[in-house]
Amino acid sequence: QVLLVESGGGLVQAGGSLRLSCLASGRTFSYYTMAWFRQAPGKQRELVALITSSSGTNYADSVKGRFTISRNNAKNTAYLQMDSLKPEDTAVYYCAADRSNLGSSLYAVYDYWGQGTQVTVSS
C-alpha cells in the first residue's frame, strides 16, 4: 500500500502562484507514473498533468504553459507548480500514482490517491 499526502493548497488571487507537493510512502516511487487530477463542484474529475517514471510529461490543454509537473525521486515527492492562476482553476486537487507506469490520462488506471487539497483562486 502506498500512501500519498498532498500539501500546498490554499487561497490565491488570480494571476498568483501555488506549488503543490505530493509525498509518497514506500520504496517504489520512482517506478510510478505520478499525476495530478482536479475536481470542481458539479464537474468530473479531470487530469491536470502527469509525469512518467522516465519524466515524460503530459498536460491538459487548459493548463499548458502555466503549470509544471516535476518529481524528485530521492524525496519520494511529486510537485505541481501553478502559475498565472485563474478562477476556473479552483478545485480540489488530487495526487495519484499508477504502479503500471502507463502514462494514462484515465483516472481509473491509477492505483493510489491522496486525500486532496483545496485550491481556490479569487478574481
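Values for this structure:
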item: GLN118 versus ARG27: modelled label distance in nm, points set 7 Å from Cα along the beta carbon direction; result: 3.9 nm
item: Residue-wise HN-Hα coupling along region 27-43, computed from phi with Karplus coefficients 6.51, -1.76, 1.60 (Hz; x: Gly, Pro); result: 10, 10, 3, 5, 8, 8, 6, 10, 9, 10, 10, 9, 9, 8, x, x, 10
item: Assigned charges on the beta-carbon of Lys, Arg, Asp, Glu; region 25-69 dipole about Cα centre (debye); result: 100 debye
item: For the chain, projected area of the alpha-carbon convex hull averaged over all directions, nm²; result: 6.8 nm²
item: Calculated from backbone phi, Karplus (6.51, -1.76, 1.60) coupling profile of region 83-92 in Hz, x at Gly/Pro; result: 10, 6, 5, 10, x, 6, 7, 4, 4, 8
item: Size of charge dipole - region 25-123 - debye, nearest 20, with Cβ of Lys, Arg +1 and Asp, Glu -1, no other charges; result: 180 debye
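Read-outs: derived from the displayed coordinates by stated rules, not from any lab. Worth saying up front: this structure is predicted, and the values here are computed from it rather than measured. Backbone-built Cβ (ideal geometry, glycine too); neighbour counts: all protein chains shown.
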